[in-house]
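The values are calculated or read from the model by the stated rules, or taken from the named source; none is laboratory data. All values reported here derive from a predicted model rather than from experimental measurement. Here the Cβ positions follow ideal geometry from the backbone for every residue, glycine too, while neighbour counts run over all protein chains shown.
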Amino acid sequence: MVKVDINKCVGCCTCEMICSYHHKQCFNPIFSSVSINFKENYDIDVLIFETCDCTDKEEPLCAKFCPVDAIILVK
C-alpha cells in the first residue's frame with residue numbers, strides 16, 4: 001500500500017506525472033492513480049486510487065521521484 005505524508009507534500013504533482021508515464025507513457029495526470037487537489041486555503045488533498053498497481057513493488061516510481069519523500073510504501 002502506498003501512503004502520502006500530507007505534512008511533507010508540497011503539491012508539486014511529480015507523483016501524478018510519473019504515475020501517468022508509468023501507465024500510459026505520457027505525462028498527463030488524467031492517467032495517474034494519484035490525484036493532487038488544491039483547496040482554497042492552500043491545503044492539499046492527495047488521493048491514491050484503487051488503480052494503483054505499484055503496491056507490490058519495493059519502491060514505486062512515485063515514491064522514488066518525490067522530491068520531499070512524502071510517499072512511502074507500507075507493507
Inset, instruction - Could you check the chain for strands (runs of 3 or more DSSP E) lying wholly inside it with 3 or more residues that are of a type in the set (A, V, I, L, M), surrounded by 14 or more Cβ atoms within 10 Å (Cβ to Cβ) and modelled with pLDDT under 90? - result: 44-48
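Just to be sure before I move on: is F38 among the aromatic types (F, W, Y) and under 19 Å from M1 (Cβ atoms) in the structure I sent?
On the way: among the aromatic types (F, W, Y): yes; under 19 Å from M1 (Cβ atoms): no.
Here the answer is no, as F38 does not meet what is asked.
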